[in-house]
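Here is the structure we will look at.
The values are calculated or read from the model by the stated rules, or taken from the named source; none is laboratory data. On a predicted model such as this, the values are computed, not experimentally measured, just so you know. Every residue, glycine among them, receives a Cβ derived from its backbone with ideal geometry; neighbour counts consider all protein chains shown.
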Amino acid sequence: MAQIIIKNLRKDFGDFTAVQSSSFTIEDGEFFMLLGPSGCGKTTTLRMIAGLELPTSGEIFIDGEEVSQKPASQRDIAFVFQMFALYPHLNVRQNISYPLKSQRMPSAQIKTKVAEVARVLGIEDILNKPVGGLSGGDRQRVALGRAIVRDPKAFLMDEPLGALDAEFREHMSQELRALHDRMGATTVYVTHDQLEAMQMGDKIVVMNHGSVEQFGVPQQIYDWPATLFVADFIGSPQMNLLPFNATVAEGDTSVALSGHHFEIPRLRQAASGDLIFGVRPEHVTLDQSSAFRGNVTAVEYLGTTQIITLETPNGMVKARVAAAQTVKTGQDIGLGFTARTITIFDVSTGAALLSDANREVLDHG
Ligand code: ATP
């Protein structure tokens, strides 16, 4: 298995730059997510790692070896295109052994390898069945088996669960992650689904317009979005982003929203003009003593919690609070914010004004 290093990777298609100056490291054995909206350059990045697309500039290292200009066949990486893409005229065993036959591996060795893979995937009992009649889950396992059997340095997966309905998708994502944990194989997984990325990934790279917006473990990305784009893209309901206008200095530990002062983590950068006060719904508290007030426009009951939507002088705020709190539409409520969870963004750069407290993962309990 392998470590993959991406350095200043760029890909131009004619005048259009699909990926620009991307740099990140995928550690050996990691389940690594490439996350971003449609068209942000995820697939192009994955295809460059696979060798199916050559970079315009930049470097890719697999296990310390520079492979940027090498063809796919010399990279020893398995690209799981679409889990349902099986050879329909072959049975399960033949589908899984196909890559080994192409490598001209002796048949006794193929038999042992296929048996091993079938055991890992729990599909020993269907090895002699035609793939045509298999359930969706079994087809997916067979497709995975065909990738695993080669024992490649890494697996690359491009939205492998994209075509599945929500329930089955959830089931297969857990199965994929469990399989990864058993095998410890470096896996690079493309998705546009932030929840899938958060649930499955050891690390996430968030991409937008061909650039890396942020790179880190899921909790860092959730707790401390480095840019407004990430703040908006990650989380459901998304982070509250309240615009305000102010001049802040390095070292500041409070800001004023509509004349009301709120404590924040110490700022590391100064800024002036249009700023954004970012706070996640679970860090908004209903506090009748607060002079910063909002009018309740909606109450969404979710069982143990409820999402309260309020109109405030700085725009709409969503609060996730215990379902036991009685809140009614039309009510006027004071709001508080958990100081150490606040992120301040500079609208002109889109970047967070990093604070001392950032980088420490928060306790959401
Ligand atoms: P999606 O989830 O929709 O596939 P993505 O993030 O994977 O999105 P890419 O497929 O990497 O995005 O595409 C990034 C951009 O590059 C898109 O605007 C796409 O149209 C463009 N692009 C990709 N391949 C080519 C190509 N061969 N020629 C020209 N433009 C391309």
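Residue count for the range 179-195 satisfying the condition of being acidic (Asp, Glu), within 13 Å of the ligand (Cβ to nearest atom) and closer than 24 Å to Val120 by Cα: 0. The number of residues in the range 327-357 that are polar (S, T, N, Q), in a loop (DSSP other than H, G, I, E, B) and under 24 Å from the mean Cα position of the chain (by Cα) comes to 1. Here Gly122 does not fit the description of being surrounded by fewer than 16 Cβ atoms within 10 Å (Cβ to Cβ) and within 16 Å of the ligand (Cβ to nearest atom).
Scanning the range 5-15 for residues that are under 19 Å from the mean Cα position of the chain (by Cα) and surrounded by fewer than 21 Cβ atoms within 10 Å (Cβ to Cβ) turns up just one, Ile5. Per the listing Pro281, Pro265, the residue uniquely modelled with pLDDT of 95 or more and not aliphatic (A, V, I, L, M) is Pro281.
Here is a check on your reading of the model: is Ser173 touching a residue at least 12 places away in the same chain (Cβ under 8 Å) and among the polar types (S, T, N, Q)? Considered against the rule, which asks whether it is touching a residue at least 12 places away in the same chain (Cβ under 8 Å) and among the polar types (S, T, N, Q), Ser173 comes out as yes.
Assess whether Ser236 counts as being surrounded by fewer than 23 Cβ atoms within 10 Å (Cβ to Cβ) and closer than 21 Å to Gly162 by Cβ. Yes: the conditions hold for Ser236.
Comparison of Ala18, Ala2 shows that the only residue that is buried (at least 16 other Cβ atoms within 10 Å of the Cβ) and modelled with pLDDT under 95 is Ala2.
Mind checking which residues of the range 232-242 are at pLDDT 95 or above and touching a strand residue (DSSP E or B) at 6+ places or on another chain (Cβ under 6 Å)? Passing the criteria: Met239, Asn240, Leu241, Leu242.
Return yes when Gln69 is within 13 Å of the ligand (Cβ to nearest atom), assigned by TED's automatic domain parsing to the domain that holds Phe215 and among the polar types (S, T, N, Q) and no when it is not. Considered against the rule, which asks whether it is within 13 Å of the ligand (Cβ to nearest atom), assigned by TED's automatic domain parsing to the domain that holds Phe215 and among the polar types (S, T, N, Q), Gln69 comes out as no.
Conditions first: (1) within 26 Å of Thr43 (Cβ to Cβ); (2) loosely packed, with under 15 Cβ neighbours inside 10 Å. Val149 passes all but one, so which condition is the exception? Val149 satisfies every listed condition except (2). Taking the range 1-62 as the region of interest, the strands (runs of 3 or more DSSP E) fully inside it that hold 1 or more residues being within 13 Å of the ligand (Cβ to nearest atom) and of a type outside the set (D, E, K, R) are 4-13, 16-26, 31-35.
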